[in-house]
Structures are given as structure tokens and as C-alpha cells.
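**Q** Dropping the structure in here first, questions after.
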Amino acid sequence: MRLFTAIDFKEIEDYLIKLQNNIDSPIAQLKKVSVFHLTLKFLGKVSEDKASIIKEKLKQVKFNPFSLTLDKIGVFPNENFIRVIWVSIKQSDEVIQLQKDIESALEEFKLKKDFEFQPHITLARVKTIDNKEEFIKNIKKIKVEEKTIEIKDFKLIKSTLTQKGPVYEDVAVFS
């Protein structure tokens, strides 16, 4: 099974859909995400047995509720080569620490280390852009409301890839 740990944002889903609609453009082909989350650690493909052990290790991660605040729209990897459009999270020591704690808890599995952790919520993946300069100019005009979300847990999520996109299923919730 394909697994990752994440924080979900169902609480502000309507607002995130509104942001998606704001980035929609006739000059770009976008694939909007249908489930909003902040990935803490991508685990990749793991066996059922290994998944059970991972779940036990994640239960040991100390979790205290905290708040996250939306910040601004951005792109990965950069403005010259846009593949992903996201909304960032304002600096949060708590989410950085949670991600580090998850990495530490799962160290023995020798999972691939993530790139430098940049807390964000993916809005869409980019297929093509006809006029990159105009598209970037339009994205930079979008103002993100500083919505604050109370984070009460994190999840271990199973991702099944289908032709219609990934299907997510909560495996475990940690609070």
C-alpha cells in the first residue's frame, strides 16, 4: 500500500476551493486536487506488516494541538518551470517539530528523506501553460485570507492511484 502522513484541511475546504477557482485560467491546463492536506512525510509503498509497525511507531509521536495560518499562493519548483500551485502556511515551529518527530519515529525504516520541508497545501498540478508571464502575474494578484485552523491531529493515509486521480483513505488518526 502507498502511505503518507498528513494534516487534513476539511475544515476550510470551501475556502480552498475558492482559491482553486481563482487560479483557474484559460491560458493554463490545471488538474485541481480534490482533497486538501499538508503532507508531513511521504512513506511510499509499504507492506501490510510494515504498515502495522509504522502505525505503532506513529502512536509514540508526542502530539499537542496547535494552530496553522494560511499565508500566500506559490509554485513548485519555480516560476520558470511551474508544476504545482499551492498555498503556504505561515511559519509554525509546531508543524516543523511534528514533521521532525515523525521523521525520527520512522528512522529505522530507512525511508527516503523528504526535501527541505516546506509546509503547504497543494491546490493544483500544472499540465500546460500557454502564457507563463501572464499566468504568474494573475497568480500574484490573488490575496489569501489569513485563515487560522486548529490542528487537533495528524493522520496516516493510504493513497490508491486511479485513472481519475488518487483515492485517499485514513488508516489511523493520531492526537
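The values are calculated or read from the model by the stated rules, or taken from the named source; none is laboratory data. The shown structure was predicted, so the numbers you read here are calculated from the model rather than taken from an experiment. Positions of Cβ are backbone-derived with ideal geometry, glycine not excepted, and every protein chain shown enters the neighbour counts.
**Q** Pro26 is checked against (1) in a loop (DSSP other than H, G, I, E, B); (2) in contact (Cβ under 8 Å) with a residue 40 or more places away in the chain; (3) farther than 22 Å from Ile151 by Cα and fails just one. What number does that condition carry?
**A** Every listed condition holds for Pro26 apart from (2).
**Q** Anything in the stretch 30-56 that is assigned to a strand (DSSP E or B) and of a type in the set (S, T, N, Q)? List them, or say none.
**A** Thr39
**Q** Working only within the stretch 84-94, note down all residues that are outside any loop (DSSP other than H, G, I, E, B) and under 22 Å from Val33 (Cα atoms).
**A** Matches in the stretch 84-94: Val84, Ile85, Trp86, Val87, Ser88, Ile89.
**Q** Do the conditions hold for Lys140, that is, is it in a strand (DSSP E or B) and of a type in the set (D, E, K, R)?
**A** Judged against the criteria, Lys140 is not a match.
**Q** Given the criterion of a type in the set (A, V, I, L, M, F, W, C), at pLDDT below 95 and surrounded by 17 or more Cβ atoms within 10 Å (Cβ to Cβ), identify the matching residue among Val87, Val46, Val95, Val75.
**A** Val46
**Q** Hey, can you tell me all the residues within the stretch 107-137 that are surrounded by 14 or more Cβ atoms within 10 Å (Cβ to Cβ), part of a strand (DSSP E or B) and not polar (S, T, N, Q)?
**A** His120, Ile121, Leu123, Ala124, Arg125, Val126, Ile129
**Q** Got at least one residue in the stretch 92-105 being without any contact (Cβ under 8 Å) to a residue 60 or more places away in the chain and under 28 Å from Asn22 (Cα atoms)?
**A** Scanning the stretch 92-105, I find at least one residue that is without any contact (Cβ under 8 Å) to a residue 60 or more places away in the chain and under 28 Å from Asn22 (Cα atoms), so the answer is yes.
**Q** Output yes when any residue across the stretch 130-138 is hydrophobic (A, V, I, L, M, F, W, C), out of contact with any His (no Cβ under 6 Å at 6 or more places or on another chain) and over 29 Å from Asp49 (Cα atoms), and no when none is.
**A** yes
**Q** On to the next question. Quick one: Ile73 ticks every box in (1) over 23 Å from Lys10 (Cβ atoms); (2) part of a strand (DSSP E or B) bar one, so which box is it?
**A** (1)
**Q** Do we have Glu150 as more than 27 Å from Val46 (Cα to Cα), assigned to a loop (DSSP other than H, G, I, E, B) and touching a Ser or Thr at 6+ places or on another chain (Cβ under 7 Å) here?
**A** no
**Q** Just to be sure, is Leu68 assigned to a strand (DSSP E or B) and at negative phi?
**A** Criteria met by Leu68.
**Q** Considering only residues that are surrounded by 11 or more Cβ atoms within 10 Å (Cβ to Cβ) and farther than 20 Å from Gln60 by Cβ, which ones fall in the stretch 142-159?
**A** Matches in the stretch 142-159: Ile142, Val144, Glu145, Lys147, Thr148, Ile149, Lys158, Ser159.
**Q** To continue, here is another question. Determine which member of the set Ile102, Ile157 is part of a helix (DSSP H, G or I), at pLDDT 95 or above and touching a strand residue (DSSP E or B) at 6+ places or on another chain (Cβ under 6 Å).
**A** From the options Ile102, Ile157, the qualifying one is Ile102.
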